[in-house]
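J.: Mind looking over this structure? Questions follow.
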Amino acid sequence: VFFVESREKLPVCPVCGGTLKYRDCKKRILKKEGGERIWLIIRRCKCDDCQSYHNELPDCLTPYKHYSTEIISGVLDEIVTPMDIDTEDYPCLQTMLRWIKWFNINLANIEGQLRQVSHHLLDLGDDVLFSKDSLLEAIRSSNSRWLEIILRIIYNSGGRIPALPW
Ligand SMILES: [Zn+2]
């Protein structure tokens, strides 16, 4: 899984840095606010070097989740709550609680991966890596699309955020 960087050019393989080739497309459902459902065409690519397959996701999707990333971060930021009147259009309470659990369980993991990427790719150096400030919190407090941003950083550098095991 990786996120679209540009329409014309495929990025390098997030696992080995090899060359990705377009293979085929598949459909994925996206549930949006207001109960709207749209089908997205996702491009599937294969790495020439390590032979792994990768799905190219648009920013609005979170890997393995059917709701838009905007709704998920809305729940995590408590902008979307179970108290919303249009509950029919929103994910059920159980789904919201699972997202919160998923996020909280992965907090240290997300922070660690952000630090690793900023260390390797951005070469920000030791003061970022050993600073006590949370990179996740820094991104989260500065941008309403924070979940899209951290998912892109983590997945496009070969990382992943595991789903809940149950
Ligand atoms: Zn590869």
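The values are calculated or read from the model by the stated rules, or taken from the named source; none is laboratory data. Bear in mind the structure is a predicted one, so any value in this text is a computation, not a measurement. Here the Cβ positions follow ideal geometry from the backbone for every residue, glycine too, while neighbour counts run over all protein chains shown. Quick note on the areas: whole protein, heavy atoms, side chains included, nothing else; ligands and nucleic acids left out. Shrake-Rupley method; radii C 1.70, N 1.55, O 1.52, S 1.80 Å.
J.: When region 52-68 is examined, which residues are found to be within 14 Å of PRO14 (Cβ to Cβ) and of a type outside the set (A, V, I, L, M)?
T.: Listed by number, the residues that qualify are SER52, TYR53, HIS54, ASN55, GLU56, PRO63.
J.: What number goes with the only condition from (1) acidic (Asp, Glu); (2) open to solvent by 40 Å² or more (accessible area, probe 1.4 Å); (3) modelled with pLDDT of 85 or more that GLU148 does not pass?
T.: Against the list (1) acidic (Asp, Glu); (2) open to solvent by 40 Å² or more (accessible area, probe 1.4 Å); (3) modelled with pLDDT of 85 or more, GLU148 comes up short only on (2).
J.: If I filter region 15-38 for residues that are farther than 30 Å from SER141 by Cβ, β-branched (Val, Ile, Thr) and within 16 Å of the ligand (Cβ to nearest atom), do I get at least one hit?
T.: yes
J.: Name the residue that is farthest from the ligand (Cβ to nearest atom), counting only residues in region 39-56 that are free of Cβ contacts under 8 Å to residues at least 24 places away in the same chain and within 10 Å of ARG23 (Cα to Cα). Spell out how you get there, then give the answer.
T.: Taking region 39-56 as the starting set, the residues that turn out to be free of Cβ contacts under 8 Å to residues at least 24 places away in the same chain are 39-44, 51.
Those still in the list that are within 10 Å of ARG23 (Cα to Cα) too: 43-44.
Numbers: ARG43: 16, ARG44: 14 Å.
Top of the filtered list is ARG43.
J.: Of everything in region 33-51, what is outside any helix (DSSP H, G or I), open to solvent by 30 Å² or more (accessible area, probe 1.4 Å) and out of contact with any Phe, Trp or Tyr (no Cβ under 8 Å at 6 or more places or on another chain)? Give them in sequence order.
T.: Residues satisfying the conditions are GLU36, ARG37, ILE38, TRP39, LEU40, ILE41, ASP48, ASP49, CYS50, GLN51.
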